[in-house]
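Peer 1: One structure, as structure tokens, below. Some questions next.
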Amino acid sequence: MRVENMNKSHPDGLLAGKRIVVTRPGAQARELGEQVETLGGEVFNFPTIEIKPPENFSPFDTAVGQIESYHWLIFTSVNAVEPFFSRLQRGGKTIAGRKRQKSWRRLASARI
């Protein structure tokens, strides 16, 4: 649901009078918080996780190095998409074909 066109101070917003705890980290919390406020809700930011790179990329790099052997690649978090592409490129791999490249760009830009 896109909420950017709604009045931020609208007293009859969908979340008017509601207090919402946002547990997402950093910029993700700000973005969601702004949407909640746009709908009239009161935001309490309470990050419960911290997104940071692993101390050792070896297992991840090994998996990326064998990417051709996978049938599916499923991202369970937007926080995995950018690091995946970074490690893929670092390992000298590319996404073959224009159609696939376009799909990956869409995926990345959609922040899925």
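The values are calculated or read from the model by the stated rules, or taken from the named source; none is laboratory data. Model, not experiment: these values are computed from the prediction. Glycine gets a Cβ as well: all are built from the backbone with ideal geometry, and neighbour counts include every protein chain shown.
Peer 1: Taking W104 as the residue in question, decide whether it is at pLDDT 85 or above and not assigned by TED's automatic domain parsing to the domain that holds Q28.
Peer 2: It is false that W104 is at pLDDT 85 or above and not assigned by TED's automatic domain parsing to the domain that holds Q28.
Peer 1: Moving on to the next point. Among the residues of the range 29-47, which ones are touching a residue at least 12 places away in the same chain (Cβ under 8 Å) and surrounded by 16 or more Cβ atoms within 10 Å (Cβ to Cβ)?
Peer 2: A29, G33, Q35, V36, E37, T38, L39, G40, G41, V43
Peer 1: So for the range 79-87 (the condition being surrounded by 12 or more Cβ atoms within 10 Å (Cβ to Cβ), modelled with pLDDT under 85 and of a type in the set (V, I, T)), does at least one residue qualify?
Peer 2: Yes, because at least one residue in the range 79-87 is surrounded by 12 or more Cβ atoms within 10 Å (Cβ to Cβ), modelled with pLDDT under 85 and of a type in the set (V, I, T).
Peer 1: Could you grab me the full set of residues in the range 40-56 that are among the β-branched types (V, I, T) and part of a loop (DSSP other than H, G, I, E, B)?
Peer 2: T48, I49, I51
Peer 1: Pairs under 6 Å by beta carbon, first residue in a helix (DSSP H, G or I) in the range 76-94, partner among the basic types (K, R) and at pLDDT below 85, six or more apart or different chains?
Peer 2: From the range 76-94, the pairs are V78/R111.
Peer 1: What's the number of the condition F60 fails, among (1) in contact with a His (Cβ under 6 Å, 6 or more places away or on another chain); (2) assigned to a helix (DSSP H, G or I)?
Peer 2: Only one criterion in (1) in contact with a His (Cβ under 6 Å, 6 or more places away or on another chain); (2) assigned to a helix (DSSP H, G or I) is unmet by F60, namely (1).
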